[in-house]
1. When Ser249 is evaluated against the numbered criteria (1) over 30 Å from Glu31 (Cα atoms); (2) buried (at least 21 other Cβ atoms within 10 Å of the Cβ); (3) of a type in the set (Gly, Ala, Ser); (4) not assigned by TED's automatic domain parsing to the domain that holds Arg38, which criterion, by number, is the only one it fails?
2. Exactly one condition in (1) aliphatic (A, V, I, L, M); (2) out of contact with any Leu (no Cβ under 9 Å at 6 or more places or on another chain); (3) surrounded by 20 or more Cβ atoms within 10 Å (Cβ to Cβ) is not met by Ala145; state its number.
3. Within the range 340-377, track down each residue that is acidic (Asp, Glu) and touching a Lys or Arg at 6+ places or on another chain (Cβ under 9 Å).
4. Can you give me the ranges of the helices (runs of 4 or more DSSP H) entirely in the range 284-377 with at least 1 residues that are more than 27 Å from Gln226 (Cβ to Cβ)?
5. Would you be able to say whether some residue in the range 83-97 is touching a residue at least 40 places away in the same chain (Cβ under 8 Å) and farther than 21 Å from His269 by Cβ?
6. Residues that are among the polar types (S, T, N, Q) and at negative phi, at least 1 per element: which helices (runs of 4 or more DSSP H) completely within the range 57-125 meet that?
7. Looking only at the range 126-141, which residues are outside any helix (DSSP H, G or I) and touching a residue at least 24 places away in the same chain (Cβ under 8 Å)?
8. Can you tell which of Thr185, Thr203, Thr194 is hydroxyl-bearing (Ser, Thr, Tyr) and either more than 23 Å from the chain's Cα centre (by Cα) or assigned to a helix (DSSP H, G or I) (or both)?
Amino acid sequence: MSGDPLALYVHWPFCVQKCPYCDFNSHVREEVDQAEWREALLADLAHEARLLPGRRLHSIFFGGGTPSLMDPATVAALIDAATGHWPAESDIEITLEANPNSAEARRFDELARAEVNRISLGLQSFDDEALHFLGRAHSASEGLAALDAAQRAVPRVSFDLIYALPGDTRQAWEKSLGRALSLGTEHLSLYQLTIEPGTRFETMVRKGDFTPLGEEESAELFELTQAMTEEAGLPAYEISNHARLGAESRHNRTYWHYHDYAGIGPGAHGRRLGQRTMRHRKPENFLSAVQRNGHGIVEEAPLSPLEAAHEALVMGLRLDEGIEPDALARRIGVEKIVDEEAVARIERLGLLTRDERLRLTRPGKLLLDRVLAEIAA
């Protein structure tokens, strides 16, 4: 909708190394021409802005890849250009994902001067052995030092942890999560390890190099996570995201509430006035497309009402607040967004609750994909 808040996602595709669990669009290159990439991203941004005039920008998110490898001057140029194309909300949220390597942590003050006001830090674990298993390039002590540097540099900090690793126990995760909750951030992203297709971990599991944690053990750790974060005042507002009231990620809520967002950079997706957009994934192909066409778009297609309804349902049910099915159906322009008979059946199984809103229960959150397959209209 033209009056809705607009979010901007900027994808920086480069990493020092590829983590074995990662299925994101990330690439390792020996050299990256920062000036060339700055100009390409600025051109891609300008193209998107021409197609979305008259909107107010309420969030910018630099994701990757590893955006903390960006030259802070590139970050500053993109923020300046974005807020020139679209008037910014006075309290605009500007997030940058960062790895805790010492070299990158030294850039946090420069990023703050570029007007980044929120850092999302990929700690992933406080245990060196677990970090080695996850293929991370930092140590536990480096992670804690980077967290301290981020908290001094910007007003808002979040960090990620990955749990339910092979061999994880309730006692070990309780200790790690307790430590996380003691570190003073108002937002945490807590992800269970999933074995994604096409990753090195998928190959390792197929070869028998390790066995993922079982469903029962993972469910027990999920329940523990919900209980501990609630007690600490950082309840889940989305399946994997926890925050104090008012500290939720504004940018990610744009996705989950099914509003428009502009996506620029290699592999970035966007949703613009009823259309889905996708940029070229491979960095070199993206650069060539921008030089040739003035933008990096490889696919641009209208979303059918049925596709939009399904996407809105998938996104909205991830939120603890759930969805208002009737209001959402009216906004998208479909007769209904859920199958009422299926909803009643799933509700009797204790996986959904229904009043004026439709919400997943805790057991339902663990079975999100199955619930969605049942109730989608």
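The values are calculated or read from the model by the stated rules, or taken from the named source; none is laboratory data. Because the structure is predicted, anything quoted here is derived from the model rather than measured. Virtual Cβ from ideal backbone geometry, glycine too; neighbours counted across all protein chains shown.
1. Going through (1) over 30 Å from Glu31 (Cα atoms); (2) buried (at least 21 other Cβ atoms within 10 Å of the Cβ); (3) of a type in the set (Gly, Ala, Ser); (4) not assigned by TED's automatic domain parsing to the domain that holds Arg38 one by one, Ser249 breaks only (4).
2. Unmet condition: (3).
3. Glu347, Glu374
4. It comes to 305-316, 325-332, 340-348.
5. Yes, that holds for at least one residue.
6. Passing ranges, in order: 72-85, 102-105.
7. Residues satisfying the conditions are Phe126, Asp127, Leu134, Gly135, Arg136, Ala137, His138.
8. Values: Thr185 fails: either more than 23 Å from the chain's Cα centre (by Cα) or assigned to a helix (DSSP H, G or I) (or both); Thr194 fails: either more than 23 Å from the chain's Cα centre (by Cα) or assigned to a helix (DSSP H, G or I) (or both).
Matching residue, one of Thr185, Thr203, Thr194: Thr203.
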